[in-house]
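Scroll down for the structure; my scribbles are underneath it.
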Amino acid sequence: LMACAQTGSGKTAAFLFPTLSKLCNDFPDGIEDPPYASGYGRRNRKVYPSVLVMAPTRELAQQIHLEARKFSYRSPFRCCVAYGGADI
């Protein structure tokens, strides 16, 4: 998806809202149902990303992460940002 528009026009929201909506419909509790690893409870369960958003610059990745955190507030989903040149 490529979008060109003025700053503040809602480009980030235009793809984050449908993405979060799909996540909420598919995983209402925020938990996918993978088979549990050997061991006890949720601690040994492997966790995989449900959505991957790629950005061409570190600054844009940080901006998208900030907006995603706002949009997913009080939901069972956690946002994370990773980019080169910094610790995760």
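General observations
- Using a simple spin-label model with pseudo-atoms 7 Å out from Cα toward Cβ, residue 82 and residue 9 lie 3.3 nm apart.
- Calculated on the alpha-carbon coordinates, the convex hull of region 42-86 measures out at 103 cubic angstrom per residue.
Just so you know, all these numbers are worked out from the coordinates, no wet-lab data involved. The structure presented is a predicted model; accordingly, all values stated were derived computationally and were not measured. Note that each Cβ is placed from the backbone with ideal geometry, even for glycine, and that neighbours are counted across all protein chains shown.
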